[in-house]
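Beneath this line is the structure, given in structure tokens, with notes to follow.
Computed from the coordinates by the stated procedures, all read-outs in this text should not be read as laboratory data. The shown structure was predicted, so the numbers you read here are calculated from the model rather than taken from an experiment. As a convention, Cβ positions derive from the backbone with ideal geometry for all residues, glycine included, and neighbour counts pool all protein chains shown.
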């Protein structure tokens, strides 16, 4: 079933579930994902990617120098 496309209802549930997951993430966790996530990660594409980005930058204010330094490269 992993390769089968989602129905519209399944997609909506999936999006709501991932958005709720994002809402529970700490500032640090979000910055870590933003910096190290591989292209195509569920947090980086489409509607979920836009939601993730808005939450990170509009809610948390993006990266801080302290988080950036702690994460490194």
Tail beyond 19 Å, pair distance distribution of the stretch 8-71 (Cα, percent): 30
Net lengthening on full extension, residue 60/residue 19 (0.36 nm per residue, minus Cα-Cα): 13.2 nm
Tilt relative to the chain, helix 8-23 - C-alpha long axis, 0 to 90 degrees, to 10: 20
Distance from the stretch 56-70 to the stretch 2-49 (C-alpha centre basis), Å: 19
Between helix 27-36 and the chain: long-axis angle, C-alpha atoms, 0 to 90°, nearest 10: 80
Which of 26, 53 has the fewest Cβ neighbours within 10 Å, and the rest in rising order: 26, 53
Added length on full extension, which subtracts the Cα-Cα distance from 0.36 nm per residue, residue 28 to residue 44: 4.1 nm
